[in-house]
Structure formats: C-alpha cells, structure tokens
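Laboratory data are not the source of any read-out in this text; all were calculated from the coordinates shown. Since the model is a prediction, treat every value here as computed from it, not as a measurement. So basically every Cβ, Gly included, is an ideal-geometry build from the backbone, and we count neighbours across all protein chains shown.
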Ligand code: ASP
C-alpha cells in the first residue's frame, strides 16, 4: 500500500526505497577513466566522510593529471589552443548545486563549482567571471596547455586543408621540397607513438570527461562531472557537463545520474534529470539510462548512420545502491576490433571496470 508521504515524495514506485532491498551502502561509480577516483572517493566514504568531499577528491586526481587529455590540466584545447573547462557538483543532503563553464587557467574546476555552490547566491559562473571568482578565493592561474595537448592542437590546425590540399598553417608554396610524410617532417623531434596519437585525436576528435557519483552508508548521495569538453570546440562552447539536469543530477530521495560523451545530444534530452525521474517512476538504473538513450535515438529518427557519428554514456546510482551505466553504442572500433564500453565501480571491494549496457550494436 502506498502511503500519502511516499506518493507526495514521488517515491511510491521505488520498491527498493520501501524496504524490499538492502539498505544504503558505500558505493561509488564513475566513467571508465575514474578507477583512481573511485578508490579515493571510497576511502573518504569508509572514513565516514561526506559524499561531495569524496567525489570531488576523486575527480581532482583526473583534473590534475596531465595524461588525462579530457579533463582539467592537459585537456585538449578549443580551436584557438586555449583549454576551457566545465564542471558541476550536486550535494544530495542539502539539495544544492554549483557549476562553472568555459573556465580558463584553473586546474580544478570541480573545486570552483563547489565554491559557487557554497560561497555565492548563484548556481553557475562562466568565463571571465568564473576565473575572477576563483582568483578571489585564492586559486592561482596556470597555463593548462601541456606540450602534448599543444602538439595535438597544432597537428589538428595543420591538418585542415582546402580542396587543393593547401593550408595557411602548413609549408608555404615557396618552401623547398623535402621528402617524407608531412607530419614527420613537421614534428621531427616527436616519437612515433605520440605522433600517431596526435593524428588520431586531430582527425577524430575524442570525447571524454569524468563523472563520479557516490552513495554512503547513511544513504546520502552526491555527484560531480568535470571536463575540458569537446576538442577543438568554438571558444565559449559549453557542453552538458556543467548543466544541472544534463551532465549531472542528484535527487536525495531517488538517486543520481551523470553523463559523458557528446554533450549536445545529452542536453537535448536533459539526460541526467530524465534518468533520475525514470528511477523515481520505478525503472531500474539500467532501464532508466536506456530510456534516455532511446530518446536520443528518437531525436535522429533512429537513423543509424547519423547516430554512428557520436556516442553518449549515462551513469546511474540509485539510493538503495543499485547502479548501472549504458552507452548508445556497444563500443568503439579500434584497429578493426570492437572495444566494449565500460565504467568504474567501487562498492568497498576495490575499484573495477564493469560492462556498460547499450542501446545499439555495431560489429567489428
Ligand atoms: N560531455 C562532454 C561535453 O560535451 C564531452 C565528453 O564527455 O567527452 O562537453
């Protein structure tokens, strides 16, 4: 029997929240680049810490890591070679959120997003205003463009050609003819593996972001999403990651959700909010994510050739500890092989990768 309070709270359809399932427990989930983040966050949860402290500390590892070229320091820049970061945070127990977008020169946008939540009467600051706010709180400006990311950006610039194969950023028409592939000639000091990577990201701009969601044994939940956004984006472009309801949503009564992948498509279905509302109406985390992906496919009339041009992953953690992730496609094709999509989980027994559910299947 549904009681009046459950009905009003919108939790009437959640059997797990009505006592059928085991109570809350420490669980952290994240995008596949979040194994270390899950471990760090779990340590904080196990020490009795706050869920938002936990997820932000986890994500800071990626934000500060120059080798993660999709988040924070070392992220791939915009079309002008400038790194612009987006992040959002949500704290379930207080039902508050904060965000920054197009923030330059600060390594840890998730920390600034938290300060927006705690030290302003606003929810989101962008661009120059976000930077000034961060500096007012003692953050130091740093150049976020690593040599590796600058190389990839230059390769991208020089790869753009007109119909005759000409680029203002490449050899001049009057340049002496030299043998060998242009990429190797242009970057003689760079090793083969780094050049191959730079060519790949230049010609096939990658997506990547970190989303991290946590539940503790007291049933409290929080989440964070942090990204450098799409590589080579137009300056000022803001994706889904900093938008509450798209890249992140936490409802303390129900659960949390987040996203990585092509933000424009997520924004058009308000993915994270849709997923949490789906769970409120009784869907499992997996069903809730797949339903949101189905809405994305619907926006393209289920045209597989257009859908094949991007991917999107949703992550969901329900208040009873059940979790899932689902991607639009079953995986990516690399060197002719299908690499399945996975996501990171830690429920107290170490961090591991688990397979994502998926909506559409492609073959190697
Ligand atoms: N969702 C991010 C954005 O659109 C990018 C990503 O996840 O790769 O900015």
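Quick notes on this structure:
- Verdict on residue 134 being in contact with a helix residue (DSSP H, G or I) (Cβ under 6 Å, 6 or more places away or on another chain), on the phi > 0 side of the Ramachandran plot and not in a loop (DSSP other than H, G, I, E, B): no
- Residue that is surrounded by the most Cβ atoms within 10 Å (Cβ to Cβ) [pool: residues in region 215-242 that are part of a loop (DSSP other than H, G, I, E, B), in contact with a strand residue (DSSP E or B) (Cβ under 7 Å, 6 or more places away or on another chain) and in contact (Cβ under 8 Å) with a residue 40 or more places away in the chain]: 242
- Count of region 149-167 residues, restricted to those that are touching a helix residue (DSSP H, G or I) at 6+ places or on another chain (Cβ under 7 Å) and either in a helix (DSSP H, G or I) or within 12 Å of residue 201 (Cβ to Cβ) (or both), is 6.
- Annotation note: of 58, 48, the sole residue that is surrounded by fewer than 17 Cβ atoms within 10 Å (Cβ to Cβ), more than 16 Å from the ligand (Cβ to nearest atom) and under 25 Å from residue 95 (Cβ atoms) is 48.
- Of all residues assigned to region 195-205, none qualifies as being away from the ligand (no atom under 16 Å from the Cβ), within 27 Å of residue 115 (Cβ to Cβ) and surrounded by 14 or more Cβ atoms within 10 Å (Cβ to Cβ).
- Subset of region 340-351 (residues that are free of Cβ contacts under 8 Å to residues at least 40 places away in the same chain and assigned to a strand (DSSP E or B)): 340
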